[in-house]
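Engineer: First the structure, which I've put down as structure tokens, then a few questions once you've had a look.
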Amino acid sequence: MYIFFKIVFKSEKLKISFIALLYFSFLTIDCNSQTIANNNPNEKYRIMFYNVENYFDALHDSLSTYNEFTPDGDLHWTHYKYVEKRNNIYKVIKAIGQWKPVAIVGLAEIENEFVISDLINNTPLAKDGYDYVHYDSDDFRGIDVGLIYHKASFTLLYSAKVVISDPKNPDFTTRDLLYVKGLLDADTLHVVVNHWTSRYRGYLESELLRVLASKKLLELTDSICAGNDKANIVLMGDFNDNPENKSMQLITNSSVCGFNNMELISSNPGVLGTLKYNGNWSNFDQILVTNSILNGTNGLQSTTARIFDADFLLESDIKHFGVKTFRTNIGFKYHGGFSDHLPVYFDIKD
């Protein structure tokens with residue numbers, strides 16, 4: 001409710017003095033509020049991961065043999081569809097952040113540096129002050145992982161891509177791991193973004209490749225913990241395996257760091273995972289943290305992890321009942337949705 005009132009001044013000088021006093025009063029209140037917010041010992045930083053499902057531009061890539069996401073490709077991908085896709089992604093990030101920017105966003109299935117730069121510079125995310133980390137991988141479709149970060153919350157110190165190879169098959173290529181190290185406020189945080197080999201070639205055959213990725217990830221994280229056994233590490237991504245599968249059990253059972261696979265809570269009783277295929281839900285999108293984060297023994301402490309299951313990301317599942325993810329494409333047909341995966345997120349208290 002707003003109350004309007006009129007004050008009658010005896011002189012213009014008195015009027016100006018009153019306005020100046022009012023202005024500085026509001027300025028002081030605002031500055032004090034900012035000071036309180038910036039020095040809040042329980043400040044929370046939100047971290048999320050999202051497989052955005054084929055975030056491609058519509059340009060033909062002369063260096064790639066995969067150009068399905070072009071106007072002449074089988075998917076008849078256009079600039080209009082690309083812009084709709086880009087805008088859908090920023091809407092999800094803003095919705096998860098609610099009243100403040102998400103501190104760190106891990107992304108999977110992005111085509112190149114252009115699309116991630118376009119996301120943070122040509123949408124309302126530009127007002128939030130984001131930067132990004134991206135490396136090209138040798139994936140046969142040209143899709144990569146990437147990370148955007150809120151510069152006022154996270155200070156980038158170092159980044160690198162970690163290539164996964166198959167000793168038995170020198171021609172094997174897949175998405176790289178993305179390793180990022182920085183300061184979340186004043187505490188060191190290590191983040192690894194993952195997108196492991198899918199099951200399209202069959203579960204048993206592809207499982208060996210996900211185990212390869214798991215072992216490479218263990219090699220990376222064990223080297224971090226060798227220098228600091230209380231290192232704050234977050235692993236997030238689309239692992240294309242469930243927590244109980246062999247590749248994920250290697251992480252939680254064999255790492256010297258001590259990783260915990262965070263239980264993901266959904267507020268929608270019809271959502272039983274992060275993606276649904278042939279009527280069955282899976283939890284391929286996961287967040288793992290070291291014991292130091294889970295217990296808050298090294299400056300940072302995690303809160304409950306959640307699946308972001310907003311209604312606008314879902315639609316009715318006529319064939320299998322209940323709900324399913326609202327996808328961008330179904331086969332070769334444009335469906336106009338968001339992604340075949342739901343985002344996952346959690347908060348860290350500083």
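Engineer: Looking at the chain from every direction and averaging, what is the projected area of its Cα convex hull in nm²?
Structural biologist: Orientation-averaged projected area of the Cα hull: 22.8 nm².
Engineer: Another one. Calculate for the chain the 222 nm mean residue ellipticity that helices alone would give, adding -39,500 (n - 2.57) per DSSP H run of length 4 or more and normalising by residue count, nearest 500 deg cm²/dmol.
Structural biologist: -9000 deg cm²/dmol
Engineer: Would you work out which of TYR135, ASN228, PHE239 lies farthest towards the positive end of the dipole of the chain, given +1 charges on the beta-carbon of Lys and Arg and -1 on that of Asp and Glu, about the Cα centre?
Structural biologist: Of TYR135, ASN228, PHE239, it is ASN228.
Engineer: Sort 243-252, 222-231 for me by packing, meaning the mean count of neighbouring Cβ atoms within 10 Å per residue, highest on top.
Structural biologist: Averaged packing, sorted descending, gives the order 243-252, 222-231.
Engineer: Between beta-carbons, use under 9 Å as the cut-off and find the net charge around ASP238, counting Lys and Arg +1, Asp and Glu -1.
Structural biologist: Summing Lys and Arg as +1 and Asp and Glu as -1 gives -2.
Engineer: Restricting to the chain, what percent of DSSP beta bridges are antiparallel, rounded to 5?
Structural biologist: Percentage antiparallel, nearest 5: 80.
Engineer: Ok, one more. What does the charge count around LEU156 come to, taking other residues whose C-beta lies under 13 Å from its C-beta (Lys +1, Arg +1, Asp -1, Glu -1)?
Structural biologist: Computed value for this residue: +1.
Engineer: When the expected Rg is taken as 2.2 N^0.38 Å, what fraction or multiple of it is the alpha-carbon Rg of the stretch 67-128? Spell out each step's value before the answer.
Structural biologist: Numbers: Rg = 13.0 Å, N = 62, 2.2 N^0.38 = 10.6 Å.
Output field value: 1.23.
Engineer: Near the amide H of ASP317, under 5 Å away, which other amide H atoms are found, from residues 5 or more places off or on another chain, if H is placed in the peptide plane?
Structural biologist: When sequence neighbours closer than 5 places are left aside, the close amide H contacts are GLY322, VAL323, LYS324.
Engineer: For the stretch 40-79 and the stretch 154-204, what is the separation of their C-alpha centers, rounded to whole Å?
Structural biologist: A separation of 17 Å, based on Cα centres.
Engineer: At q = 0.10, 0.21, 0.24 Å⁻¹, what log₁₀ I(q)/I(0) does the stretch 130-227 have when each alpha carbon counts as one equal point scatterer in the Debye sum?
Structural biologist: -0.31, -1.08, -1.27
Engineer: Students often check this: by mean Cβ neighbours within 10 Å, which of 167-177, 278-288 ranks highest, and how do the rest follow?
Structural biologist: 278-288, 167-177
Engineer: Gain in length, HIS60 to LYS127, computed as 0.36 nm per residue apart minus the alpha-carbon separation, to one decimal in nm?
Structural biologist: Residue separation times 0.36 nm, minus the Cα-Cα distance, leaves 21.1 nm.
Engineer: At 7 Å along Cα-to-Cβ for each site, give me the label-to-label distance between PHE140 and ILE318 in nm.
Structural biologist: 3.4
Engineer: Further question: Calculate the FRET efficiency for SER267 and LYS44 from the Cβ-Cβ distance with a Förster distance of 22 Å, rounded to the nearest 0.05.
Structural biologist: 0.75
FYI, it's all coordinate maths here, none of it is from the lab. Owing to the predicted nature of the structure, the values given are computational and were not obtained by experimental measurement. Using ideal geometry, Cβ is built from the backbone for each residue, glycine included, and neighbour counts are taken over all protein chains shown.
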